[in-house]
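The values are calculated or read from the model by the stated rules, or taken from the named source; none is laboratory data. Because the structure is predicted, anything quoted here is derived from the model rather than measured. Virtual Cβ from ideal backbone geometry, glycine too; neighbours counted across all protein chains shown.
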Amino acid sequence: MSARMFASPLFLGFDHLEQMIERAAKNAADGYPPYNIEQIGSTGLRITLAVAGFDMDDLQIVQEDNQLIIRGKQAEDAPGRVFLHRGIAARQFQRTFVLAEGIEVKNAWLDNGLLHIDLVRPQPESRVRTIEIRKNAGNGIK
């Protein structure tokens with residue numbers, strides 16, 4: 001049994017984050033298609049996937065809550081094609097990236113077998129709030 005990352009009582013409400021990390025770790029085991037992640041400026045990220053052989057119609061990008069899901073499925077081969085050797089992968093794939101809160105997909109484009117997806121990460125705002133302490137507030141729930 002593995003130790004839980006956020007098992008400390010000082011981490012409150014991080015259950016969903018732990019689940020996202022576990023999902024991402026499972027997804028990282030499959031290396032197809034290969035990809036790069038680049039820092040673009042101070043707030044930008046770019047994911048580049050090597051999708052040689054896939055056309056724009058074969059690819060789909062979906063953002064579901066805090067997950068970016070890229071799927072690829074090539075059309076069936078034309079009838080009558082006979083391969084003497086087939087070394088170019090023609091399999092479908094699904095690559096999932098877990099996004100931090102607030103990250104948005106800016107745009108995506110396909111160029112020379114590379115699928116580029118630009119993301120924007122907003123700068124976090126500092127939040128400071130002073131909590132009033134009252135005398136004899138009972139259980140504090142009102």
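Key figures for this structure:
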quantity: Number of the exception - THR96 against (1) modelled with pLDDT of 90 or more; (2) more than 12 Å from the chain's Cα centre (by Cα); calculated: (2)
quantity: Subset of the range 14-54 [at pLDDT 70 or above, β-branched (Val, Ile, Thr) and under 14 Å from the mean Cα position of the chain (by Cα)]; calculated: ILE37, ILE47, THR48
quantity: Any hit, the range 101-118, residues being more than 23 Å from GLU18 (Cα to Cα), in contact with a Gly (Cβ under 8 Å, 6 or more places away or on another chain), surrounded by 10 or more Cβ atoms within 10 Å (Cβ to Cβ) and of a type in the set (Lys, Arg); calculated: yes
quantity: Where LEU114 falls short, out of the listed (1) under 11 Å from the mean Cα position of the chain (by Cα); (2) among the hydrophobic types (A, V, I, L, M, F, W, C); (3) under 18 Å from PHE54 (Cα atoms); calculated: (1)
quantity: The range 65-110, residues that are in contact with a strand residue (DSSP E or B) (Cβ under 9 Å, 6 or more places away or on another chain) and among the acidic types (Asp, Glu); calculated: GLU104
quantity: Residue, farthest from PHE93 (Cα to Cα), within the range 70-80, restricted to residues that are exposed (fewer than 14 other Cβ atoms within 10 Å of the Cβ) and in contact (Cβ under 8 Å) with a residue 12 or more places away in the chain; calculated: ASP77
quantity: Selected residue (only one of GLY80, GLY102 is under 14 Å from the mean Cα position of the chain (by Cα), outside any strand (DSSP E or B) and more than 19 Å from PRO34 (Cβ to Cβ)); calculated: GLY102
quantity: Close pairs from the range 110-122: first in contact (Cβ under 8 Å) with a residue 24 or more places away in the chain, partner surrounded by 15 or more Cβ atoms within 10 Å (Cβ to Cβ) and part of a loop (DSSP other than H, G, I, E, B), Cβ under 6 Å, at least 6 apart; calculated: LEU115/VAL51; LEU119/ILE103; ARG121/ILE103
quantity: Filtered residues of the range 112-133 (kept if among the charged types (D, E, K, R) and part of a loop (DSSP other than H, G, I, E, B)); calculated: ARG121, GLU125, ARG127, ARG129, GLU132
quantity: Per-region count, the range 55-72, residues assigned to a loop (DSSP other than H, G, I, E, B) and under 14 Å from the mean Cα position of the chain (by Cα); calculated: 2
quantity: Sole exception among (1) in a loop (DSSP other than H, G, I, E, B); (2) within 22 Å of LEU49 (Cβ to Cβ); (3) at pLDDT 85 or above for TRP109, by number; calculated: (1)
